[in-house]
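K.L.:
Right, I'll just put the structure down here and ask away after.
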Amino acid sequence: MVVAVKALACERPITAGAPLARWQCPDLARTAIEQGIVASISGTTIWRWLAADAIKPWQHRSWIFPRDPDFAAKAARVLELYARRFDEGPLAADEFVISADEKTSIQARVRKHPSTPAAAGRPVWVEHEYARAGALAHLAAWDVHRAQVFGRCEPTTGIEPFERLVAQVMSTAPYTSARPVFWIVDNGSSHRGQPCVDRLQSTWPTLRLIYLPIHASWLNQVEIYFSVLQRKVLTPNDFHSLNELETRLLQFQDYYQQIATPGWDGPLAVTPGRRSAAIGALLTLAGAATLAAIMWGLKDEGLYCVAVLVSALIAARILASTDLDRAD
């Protein structure tokens, strides 16, 4: 009986004939009685049975099945660049890694009454009703190893706005005299395909586009900056105009750079040797463990994958922090 109820909880409700998106314990109790699994049972009893095996069908989590056939190879290449390696060799001091993307359709919401600051025993109060004052796009390029961000606001995204961001970065020292500047980007229409590669490299010969796997923007380090921006500047969204929104975004860029550290904050492993190779291998292992954990989920084999992921990142961090005079 217990096994049958657990099996029912592990089916989709629609399969069991219930017009529901997900199970709740009272719904499971009702269906179990209707199917003759039990004569009577309470939702509390079902919850206790399911808790014994950590079965929680009332919870759900979104995910995307990896559909890029070259996912592992593309992800490993990006992770190696983060460790300052490319084509089985370390990057030179005049080679740079830029992570770039667009944050689209950022609204300027004008609250109908002014927000009030926090007080004793009371949080900040923000008026629920607002008027829309327009929206803009924020384009940003993050220097992975120098912890510098280059940003601009545009009315919308597209090929020309992205090329203006590229020009903003590539016309600034030290990128003007650098040899390859690797740009890590996703597969968005603003910078996708060989025509984009040809167009950018005809203007900036030292630029090299590195594409992320499909549906893998989470590997792009500029997304960390966008996440911080969302939490610190755009939540709650309270601006008087679109101009104020743009000014705040660009001011935060300067504010953030004063305290930012590289996404990979170990010493720059620019000298060849076994240590640099080991760091690259560990990061590749961490990437593979991430993909496996996505496949298995946070249970059984998936937990082992998470343990491997964490262990590989810690080991790589320790290696990267080793005194350069004693390394290799």
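The numbers here are math on the coordinates, done by the rules we state, and not lab data. Model, not experiment: these values are computed from the prediction. Here the Cβ positions follow ideal geometry from the backbone for every residue, glycine too, while neighbour counts run over all protein chains shown.
K.L.:
Label the range 1-150 by shape, choosing from rounded, prolate and oblate, from the square roots a ≥ b ≥ c of the eigenvalues of the Cα gyration tensor; if a/c is under 1.5 it is rounded, and otherwise prolate applies when a/b is larger than b/c, oblate when it is not.
P.N.:
Oblate is the answer for the range 1-150, as a/c is 1.5 or above yet b/c matches or exceeds a/b.
K.L.:
A follow-up question, please. Sequence neighbours fewer than 8 away in the same chain don't count; with that in mind, list the aspartates and glutamates whose C-alpha is under 14 Å from K112.
P.N.:
Hits, sequence-local ones excluded: E127, E129, D238.
K.L.:
Over the chain, what is the relative contact order in percent, taking alpha-carbon pairs closer than 8 angstrom and at least six residues apart? Don't skip to the answer; put the middle values down first.
P.N.:
Working: 462 pairs, mean separation 59.1, N = 328.
Value for the chain: 18 percent.
K.L.:
For the range 68-220, just run the numbers: alpha carbon Rg, then divide by 2.2 N^0.38 Å, N being how many residues it has.
P.N.:
That ratio works out to 1.30.
K.L.:
Next question. When the Cα centres of the range 152-185 and the range 79-137 are compared, how far apart do they sit, in Å?
P.N.:
About 18 Å separates the Cα centre of the range 152-185 from the one of the range 79-137.
K.L.:
Please report, in debye to the nearest 20, how large the charge dipole of the range 165-244 is about its Cα centre when each Lys and Arg carries +1 at its beta carbon and each Asp and Glu carries -1 there.
P.N.:
Magnitude of the dipole: close to 260 debye.
K.L.:
Still on this structure: Between the alpha-carbon centers of the range 189-227 and the range 19-47, tell me the distance in whole angstrom.
P.N.:
50
K.L.:
Can I ask one more? Farthest toward the dipole's positive end in the range 1-153, which of W142, P123, G89, given Cβ charges of +1 (Lys, Arg) and -1 (Asp, Glu) about the Cα centre?
P.N.:
Checking the options against the dipole of the range 1-153, the answer is P123.
K.L.:
Then there's this: Straight-line reach from K56: which lysines have Cα under 25 Å away, leaving out those fewer than 8 places along the same chain?
P.N.:
Partners within reach: K6, K299.
K.L.:
Hey, another quick one. Mind checking the alpha-carbon convex hull of the range 2-51 and giving the volume per residue in Å³?
P.N.:
Value for the range 2-51: 64 Å³ per residue.
K.L.:
Can you give the % of DSSP beta bridges in the chain that are antiparallel, to the nearest 5?
P.N.:
70
K.L.:
Given (1) 51, 17, 15; (2) 43, 31, 20; (3) 37, 26, 20, which label gives semi-axes √(5λ) of the Cα gyration tensor in Å as computed from the coordinates?
P.N.:
(2)
K.L.:
Starting from the Cα of K103, draw a straight line to each of the aspartates and glutamates and keep only those under 12 Å, dropping any in the same chain fewer than 8 residues away.
P.N.:
E154, E223
K.L.:
Using Cα pairs closer than 8 Å and at least 6 residues apart in sequence, work out the relative contact order for the range 127-251, in percent.
P.N.:
The value is 23 percent.
K.L.:
List the DSSP H helices in the chain whose Cα atoms stretch 18 Å or more along the helix axis and whose mean Kyte-Doolittle hydropathy is at least 0.0.
P.N.:
In the chain, the long hydrophobic H runs are 274-296, 301-320.
K.L.:
In debye, nearest 20: dipole of the chain around its Cα centre with unit charges on the Cβ of K, R (+) and D, E (-)? Don't jump to the answer; show the numbers that get you there.
P.N.:
Values: 33 positive and 32 negative charges, 148 e Å.
For the chain, the charge dipole is close to 720 debye.
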